[in-house]
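Notes for the one structure printed next.
The values are calculated or read from the model by the stated rules, or taken from the named source; none is laboratory data. Being a predicted model, the structure only gives us computed values, none of them experimental. Virtual Cβ from ideal backbone geometry, glycine too; neighbours counted across all protein chains shown. We work out accessible area using only protein heavy atoms, side chains counted, and drop any ligands, DNA or RNA first. Shrake-Rupley method; radii C 1.70, N 1.55, O 1.52, S 1.80 Å.
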Amino acid sequence: MGVYVISVDAQEWFGEGDGWGEIATALNDDLRQRGLPPYESVPDEQGFVRGSGQAFEEKLISSMDGFDALCEAHLSPEETETLSNWSVLVPFSLDEEIRLPIGSAYTESSTMVAGAPQVLAIAQRLATAIELPAETPRMCDNLDLTIWFREGAAKELAAARPGPWARDLDAAFYVALFLRAAEHSVRRGCPIVYS
């Protein structure tokens, strides 16, 4: 069990019951009220192929204390909220986060929707600040980041090539998580959610 950050396909996004249909409908209503087009071009599910970049799934298991301190040192409170306090990440720009009065799998009373381009820009700044290594997995379809950081590869690289990122691997994990989630959302045109 635990909390996961995952991509959502069209069937899940527009589905009823355990799907995200109520949030999808509320988001589109809010977008229309803002004079923006509805979000309807969610991609269909693709067959799973490891490393293909067609899906996103990572597990939140590390402490966020170091990440919170990193955000405090490099970001404004508003930027920190945009980066990490969303419930749903969508692949298009939003001038400001949208709060929907509907609970989701991760939140009970409301859902915060953020634009992946805004999250991506903030995450890239943090990745630059800690010098996140190029070896950090890019396609995160089956806990690739989680495994890389938790099962030794990151520790081995940190020992061989230390740098700011290696001082707190849990903090680096969350920088990579939000960076890769935003990249995936923009690249695939899909929502990313907590589950």
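Summing +1 for each Lys or Arg and -1 for each Asp or Glu among the other residues whose beta-carbon sits under 14 angstrom from that of L169 gives -3. Each Lys and Arg contributes +1 and each Asp and Glu -1, all at the Cβ; summed about the Cα centre of the range 3-134, the dipole is approximately 280 debye. When the square roots of the Cα gyration tensor eigenvalues are ordered a ≥ b ≥ c, the ratio a/c for the range 124-177 is 1.5 or more and a/b does not exceed b/c, which makes its shape oblate. Per residue, the chain reaches -13500 deg cm²/dmol at 222 nm when only DSSP H runs of four or more residues are counted, each adding -39500 (n - 2.57).
Decide, for the range 13-100, between rounded, prolate and oblate: order the square roots of the alpha carbon gyration tensor eigenvalues as a ≥ b ≥ c, take rounded if a/c falls under 1.5, and otherwise choose prolate if a/b is larger than b/c, else oblate.
It is oblate, given that a/c is not under 1.5 and a/b is not larger than b/c.
In the context of the full set of protein chains, the chain has a per residue accessible area of 49 Å² (1.4 Å probe). A Gaussian network model of the chain, with springs between Cα atoms under 10 Å, assigns the largest mean-square fluctuation among G53, G152, G21 to G152.
Quick one: pull the percent of accessible area on the range 1-89 belonging to carbon and sulfur, 1.4 Å probe, ligands and nucleic acids left out. Summing carbon and sulfur atoms, their accessible area is 47 percent of the total for the range 1-89.
For the range 1-106, trypsin sites (Lys or Arg not before Pro) are listed when DSSP marks them as loop and at most 12 other Cβ atoms sit within 10 Å of their Cβ; the list is R34, R50.
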